[in-house]
1. Checking the cross-link filter: which aspartates and glutamates have an alpha carbon closer than 19 Å to that of D:Lys69, excluding same-chain neighbours under 8 positions apart?
2. Hey, what number do you get for chain B at 222 nm if only DSSP H runs of n ≥ 4 count, each worth -39500 (n - 2.57), divided across all residues, to the nearest 500?
3. Given the options A:Val208, A:Val111, A:Val68, state which has the largest fluctuation in a GNM of chain A using a 10 Å cut-off (strictly under) for Cα springs.
4. What FRET efficiency comes out for B:Ser213 versus C:Arg70 if R0 is 56 angstrom and r is the Cβ-Cβ distance? Round to the nearest 0.05.
5. With every protein chain left in place and a probe of 1.4 Å, what is the accessible surface of C:Asp382, to the nearest 10 Å²?
6. Lysine pairs in the stretch B:149-285 with Cα distance under 21 Å, only those 8 or more apart or on different chains: how many are there?
7. How many Cβ atoms of partner chains, on average, are near each residue of B:138-146 if near means within 10 Å of its Cβ?
8. List for the stretch B:535-572: residues with 30 Å² or greater reduction in accessible area, all protein chains versus chain alone, probe 1.4 Å?
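The values are calculated or read from the model by the stated rules, or taken from the named source; none is laboratory data. The structure presented is a predicted model; accordingly, all values stated were derived computationally and were not measured. Cβ atoms come from the backbone with ideal geometry, glycine included; neighbour counts cover every protein chain shown. When the accessible area is computed, the model is the full protein with side chains, heavy atoms only, and any ligands, DNA or RNA have been set aside. Shrake-Rupley method; radii C 1.70, N 1.55, O 1.52, S 1.80 Å.
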Amino acid sequence: MEQFIQLLIGGIAQGMIYALVAFGYNITFSTSRSFNFSHGNFLMLGGVVGLILYINNQIPFLAMVLAVVLVGLLMGLILYKTSIEPSLKSKSNYAWILATLAFGIILKNMVEVFWSTDDFRFDSPLGNAPIRVMDVGVLPQEILIIVVALCIVVAVESFKKYTIFGKAIVAVSEDKNTASLMGINQQFVILFSFLLSSVIACLAGILVAPITMVGATMGTVLGVKAYAVSIIGGLESGYGVLLGGLIIGLSEAFTARYISTGYKDAPGFLILILVLLFLPSGIFGKTVIKKV
Amino acid sequence: MKTKKIIYGILLLIPLCLPQVIDNQYYIQGVFCRIIIYAMLVASLDLIVGYIGDVSIGHAGFFAIGAYTVGILTATQDLNSDSTMSWFPHLSFFSALPIGILLTAIAGFVLGFPALRLSGPYLAVVTIAYGMLIYTFINEQEAFTNGTKGISLEPLQVFGIKCSGSNFLYVVYPFLVLVMFVVRNLTKSYWGRAFEAIKYSEVAASMCGISKSYYKIWAFVISAGIAGLAGGFFSQLDAYVAPNTFSYNFSVEFLIALIVGGVQSILGNILGASVMVIFPDLFSNFNDYRLIIFGLSLLMVLFFMPKGLAGFVNLVKKRFATKQDSHHAEALSKKAAEVVLFDYTNAKENHTAVQITDLTMRFGGLVAVNELNMSIKKGTVHGLIGPNGSGKSTTVNLLTGIYAPAGGAVSLFGQSIAGQSTYKRAKLGIARTFQNLQLFSDMTALQNVMVGMHNSFQANLAAVCFNLPNAQREEKRAEARAFAWLQFVGLQESAFTEAKNLSYGQARLLEIARALASNPALLLLDEPAAGLTAGEIEKINVLIRKIKDSGVSVLLIEHHMDMVMAVSDEVTVLDFGKKIAEGTPAQIQNNPAVITAYLGTHETSFH
Amino acid sequence: MKKNVLAKLMGVALIIVTVATSFRPSAGDPIKVGVYGPFSGGSAPMGLSMRNGVRLAVSEINAAGGVMGRKIELVERDDEAKNERGGQIMQELLFKEEVSAILGPINTGVADASTKYSNEKKVPQIINVAAGAKVNDLFATTPDNYIFRIAANDYVQSEMIVREALQKRKFKKPALLCDDTNYGQGGRAKMEAALAKRKITPTSVGKFKLKDTDMTAQLQEAKAAGADVLLVYGIGPELAAIANNLEKIGWKVPMIGGWTLSMSNFINNAGKNGNGATMPQTFIENGVVNGKAAKFLAAYKATYKEKNIPVAVAAAQGYDSVYLLKMAIEQAGSTDGPKVKAALENFKKGYTGVTGTYKKPFSATDHEAIHETNVMMGVVKDGIVVPPIK
Amino acid sequence: MKVLEIKDLVVNYGKVTALKGISLDVHEGELVAVIGSNGAGKTTTMNTISGLLSAASGDVLLHGKSISKIPAHAVAALGISHVPEGRKVFASMSVKDNLLLGAYLRVRKGEKKQVMSDIDHIYTIFPRLKERQNQQSGTLSGGEQQMLALGRALVSKPKLLLLDEPSMGLAPVIIDEVFKLIESIKQRGDMTIFLVEQLAYRALEVANRAYVVEQGRISLTGTGKELITNPDVRKAYLGAGKS
């Protein structure tokens, strides 16, 4: 039983990490039909900046978080200006894929060249000692991840639901032209969604850092898995990423324990394929009827 | 023409002399052979990404199946003495290769099914998942694959002749030529046109009689098969296969290579593969900054050559193309003179072309078409009019099988067509044009019409791939016939213009030509005059009369009342999905219900 | 009609010819030595430490007048830990750069994909890190074997790990936990064999992927099977995740594993949870006794300004591989491949290097410099690796 | 005083020339209608005014200043509110949110309180919207959606209201209601209204003046009353016929 609960908590924490990263795809896809294929590298940058400031230079935790948010904003702006805006204007369907991939290659290798190729420890501000209840150990950071991931998703979704600018974002994702008739600047909304997505990625970077360690390659696998997670839930459904994250996170944990560690990833991907065969837009996705 | 072919044949042989010219294994085997193998994989990816229009990030999986099948089947125990492999069939390379292709093709067949329902980022993630599953399977099935340790292979020998090192070129190069030959023939045939048609507009493709499932799944099978072939050779490149080669990143790299090289182009495939192979070495002097520079170059290519390297080259080439096209057009017009249009056999002895009985369609709570009864007499033009949202287009979509009705029946020449899918109805003799143009925009006018003739092609896949004489003859006949159709609508001057470069009026005419090319018994014209000038509308009027005189029944939906009244034999008026009037044009014009529906209130109330 | 394809093919051929002719191998005084390994990506810390070790040795040698009066010129290539890049790079080094010898690589798969080229061209290659790569095994198929290694191979390591666990520390129920790379799975197979020799089967065999951070499931499986010692084979970051996860699930079990347990990214990331991890070492930074090693350490730290060498073993082996090569060339009096190979197989003088003293590092039938006698067990203690407490 | 003036407007839709040189003007407090059959260019005119489309040549002037190069969201900020063809309510959002978005710019300016009371006022005009204020607007009937679209435009307090085919797809009874409402907005006199409508007689009944467009050109113009009795209007719709 303890084992089961231990796996459950680990799976949930892992799932929430995926969900948080996946949420970044979700936000930009709904406004612009595109997303950052190098999202994982933005997460990595957040982790690296956090490590340099918080661990290496001992600046206060909150100041570091603020700095990481600023880095996220800056990177989001650069990404938007150099890759997204030109790609959305270009007629090629693949432009945004290639542009964001190229951006990620540059980012990752800049970090490798100008910083380090190594992986570094990032001490959790909550300490590394597990909390032990019965025979189940939980890292404080795992609880923090679950809480913060839920908070961010709920906060952003509430922001979209309850504030006027949030509603404008929903309006743009639903119908760009009509939204602009309301006086909503759709270009700015798209830029905003990329900024938000980048900031969340960078925050996710410092959030997962104590679990994953910090290094230039920390985001690669996360980025791909999170892509799957966002699709399972439905790319256009905010809360869908939470369910998608749980499905993948838990299926990994339980497969590794009860089936085979080597096949850990397989059930998650099988579920993904099966879900999409029956629900082509993901679990919470809206199926759009195309008019001829 | 003959001498040209011989010259090209000789040119094709030149790369085989390279090992004599450049006596350096690095360039021949390390670079050139690698480019050849990667180019085959990029070409296979191009079939999916460029022609079908789906993004695949899982082609490394197919590549892996090919490489591993050949690896397992040809491995020897000597070189893998410490392996966990328990099965060494010791096949020769060339008997293992077809098995690899077959297995990969089967894997492609399996991936084809999700591809029918999914698109965009949803399908892309399935391809990733698929690639990962293949990777995991190879990694874990140690009894077959030696797991992560990989399989070492003997250097390739054919009939006892050493084919590793520079000699490897003699083995792979002919296959590159073969693959490119097949891909070129396939993509330039009615198969390739079907692939592209599906990409631009599934509905228009199915109205041309193209079954999306059939062609899409075949595209995945063929693409996978080629990837398997490339993988088979890859296993011999370093005579070593290990699973970690075939990762997600590998798939991504090939996608990058394809886009950088330029889609839908054999030259692009080869250039993309070359970039992938040569770039790292070219930049090795930049040492650790190499990948940053690589990333920057990618962005540059994207912004300055949005169609890839090949697109850039094609721009230059296009300047020489015009003269050839005019020669070609001249030749075609000679042949087109002998073509007899309107030789359809679909029309049966029956006075009613279409009988619609109690047809009903609902969208949610909205009743778009409400118990509609209507019949179209053979060889007449039947107008269908009504204010916006009255259910005209829905009726057309019900007739063509794009929507399934909530109730009622439709029969064509006395035969029920209920439940038939769109492409089958097209085969039965229904053709249509679209209110919002659905042309295949990157194809020429001639090619668009040839897509319309899809059902007339009979050459099988093998004949098409190898451009056998029957396929060649058929293609040439079709070209002449398509040209004749263009002449019929007056577009012969624009035969080699891409559809996207036609004027709006020309595009409307082209849609009619494409619809006629399928030899329909019933032609549905959905607002053919929308957006046209008076002169252009007059042209279409003349055309409609000509079509009618040839015995084709026409259902005309139009807002230009002058036109409807001028060409229709009978007019049906819809409002809120219901038939509110039917009769001759003159009767309709004076029908009070019609006037109310159109102008708002009964006219007489103001008198 | 075929002309499109043809024109295109010709174009490519032309490009290649131009590229080919623009890179003439430069003939001249320096002795060219190729070095390849992962200098970017996840394995880069090992590759970069190795390269630093190699560069250090080369700069020392060149400063002292070179080899037979000729300077050594390094040709460095990043294989990105990709097998297929390894094959391509090796051909570039051999046929385009025409190097006299090759050092590296790090990854077992890269080595297995590429060593056949040095054998074919008869250019000696000294593998200085890849523990799982085939070296002596190659004699079976390539009697004229040009591949040498200065690194504790998997046989040596596995045997020492198992002996440490079963004989010295008297554990009864080992559980194996290895990463799913070539290196990890090679180690797994060799450890299983070493255990089988002692008629013991592991209680459980677990696996993990690179970049995995949650090892709970694997550890629970081992714990449920009643294991009393964990034998691990992987690289630093994931090994650290194991140590940290052990702490998380509250299971105190000793870890014994491959030399990679001494990587600084294990020691740093595992922190106090890494204490007690035991591994075979050819070089222990903090247990340096001989003068050569001390000099190396001082020079390394001065040159690269690193507090701790990220992967000290790789740096030390990289350093020694250069000196072994230098001695062999001097003894052969030539850079001719077969002659250098012969010299390597039959050293006249002994060599005292950073990793130890070798009287005769290689022989005609044994191309492994490092045997169990050259290896000691190291233990992680409070952030450093120390020699075992005597 | 001219609120809106269109000069020789030419608009291309890809390769289609949808407008072939249209000139018209709308004075303060007027209700001006543009009528014409489907595909004549009415909606194109509308979309060009509000900035969704850009003109190939010609100009659109608001109070004498050119707005033809200004993007849609900035045009909205100048006091133009456009009720698009087909209503285009934000289907996944509640009725209330749709109304709130109508006043997006006002809310951003900090007039939230005022907006809320204006929304309450809208509810008194359309009691059914109040009943359904928390319902997803995609589930409303066509008539209710049209009310919502109108309400959404009204809460922005526009100086110029653009109405594009308010009758489209609605049942005759509902159309009556919609036009009554347009009439009452006109009566209030605080808004200039520019109406595009297919149902000519309905539009002419409420319009001060009207223009008839045919194939991208203005073919007739006059006061609403003049045009109602003009037989050419009917011809523009049902064709000259063979007779």
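1. Here the aspartates and glutamates satisfying the reach criterion relative to D:Lys69 are D:Glu5, D:Asp8, D:Asp25, D:Asp59.
2. Working: 24 runs with 337 residues, N = 607.
Helix contribution divided over all residues of chain B: -18000 deg cm²/dmol.
3. A:Val111
4. Working: r = 68 Å, r/R0 = 1.22.
FRET efficiency, B:Ser213 to C:Arg70: 0.25.
5. Rounded to the nearest 10, that gives 120 Å².
6. Values: B:Lys188/B:Lys199; B:Lys188/B:Lys212; B:Lys188/B:Lys216; B:Lys199/B:Lys212; B:Lys199/B:Lys216.
Going through the stretch B:149-285 pair by pair, I get 5.
7. Details: counts 0, 6, 7, 1, 3, 0, 0, 0, 2.
For this peptide, the per-residue mean of nearby foreign Cβ atoms is 2.
8. Buried on complex formation: B:His559, B:His560, B:Met561, B:Asp562, B:Met565.
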